[in-house]
1. With +1 on each Lys and Arg Cβ and -1 on each Asp and Glu Cβ, and nothing else charged, work out how big the dipole of the range 44-200 is about its Cα centre, in Debye to the nearest 20.
2. With a 10 Å radius around each residue's Cβ, average the other Cβ atoms per peptide and rank 94-103, 113-122, 56-65, highest first.
3. Report D for the range 34-117 in µm² per second (integer): Stokes-Einstein, Kirkwood Rh on Cα pairs, 10 °C, 1.306 mPa s.
4. Which distance in nm do the two modelled labels at Leu92 and Thr188 give, with both placed 7 Å along the Cα-to-Cβ direction?
5. Which value results when the Cα radius of gyration for the range 126-191 is divided by 2.2 N^0.38 Å?
6. Given R₀ = 30 Å, FRET efficiency for Asn180-Glu203 by Cβ-Cβ distance, to 0.05?
7. What is the extension gain from Ser119 to Thr81, computed as 0.36 nm multiplied by their sequence separation minus the C-alpha to C-alpha distance, in nm to one decimal?
8. To the nearest Å, what is the center-to-center distance of the range 160-202 and the range 73-95, using C-alpha atoms only?
Amino acid sequence: MSKTNENYKINFMKNLLLAFLLIGVFVYTGCGDDDEDDTRFGEVALRHDGGNVTGPFLPAGVHEFIVRFDAEELAEYDGRTLDRVEFFLGELPASISVFVLEGTDPDSPSDAIYGQDISNRVNTTGWITHRPAEVIEINGDRDLWFSIQVELDQEQRSVGCDAGPRELGGDLLLRDFDDNIVSFGDITSESVNWNIRGYLAPEAE
């Protein structure tokens, strides 16, 4: 074989190998679950969940999907402000509201510090972003709760969840017929976390 043909063969094999490597990179980066982590420079994400996998069916009625972050987790963020709440919506409910609550009882919040009906602003499924119209400051001495309240006209999915495993405070639920907040895992044996997250704004310089 001539040196020219040998060089051509070597270059051809190099290019072929490079093409396979590039294809592998594109395939790898294109895969994954539906995890739209929108953390930006200097922000902090308060979350228990991984990417969206599914969501539970609940009967018609008014239900609240709730996540809680205890004071120990929040102590280092005392005085920071909440920029936005994000959550995954698998199917559109009849109405939907966002609440931010505080308290010292791990079983039930005592103070609603923010609430907003966003039904007329939500007309699609997927990741929904809500920015409160007022300043919400983190109190590092109290637990913080994010609640997505949905009204369902029929049995359906609404707020989504990950594949687990469940984290403490990640799967709380107040159904239309419940007197108290319950853990979804305790009533179903499922180990998941709601796709509900709070993002703290960067610290002021």
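1. Numbers: 11 positive and 30 negative charges, 135 e Å.
Magnitude of the dipole: close to 640 debye.
2. Details: 94-103: 18.8, 113-122: 13.9, 56-65: 17.0.
Ranking the peptides 94-103, 113-122, 56-65 by packing returns 94-103, 56-65, 113-122.
3. Values: Rh = 15.3 Å.
Rounded, D is 104 µm²/s.
4. According to this spin-label approximation, the distance is 2.4 nm.
5. Working: Rg = 14.3 Å, N = 66, 2.2 N^0.38 = 10.8 Å.
The value comes to 1.32.
6. Details: r = 36 Å, r/R0 = 1.21.
After rounding, the FRET efficiency stands at 0.25.
7. Values: separation 38, 0.36 × 38 = 13.68 nm, distance 2.44 nm.
So the chain would gain 11.2 nm between Ser119 and Thr81.
8. Cα centroid to Cα centroid, the span is 13 Å.
Quick note: the coordinates plus some simple rules give every number you see, no bench work behind them. This is a predicted model, so every value here is computed, not measured. Glycine also receives a Cβ, built like all others from the backbone with ideal geometry; neighbour counts cover every protein chain displayed.
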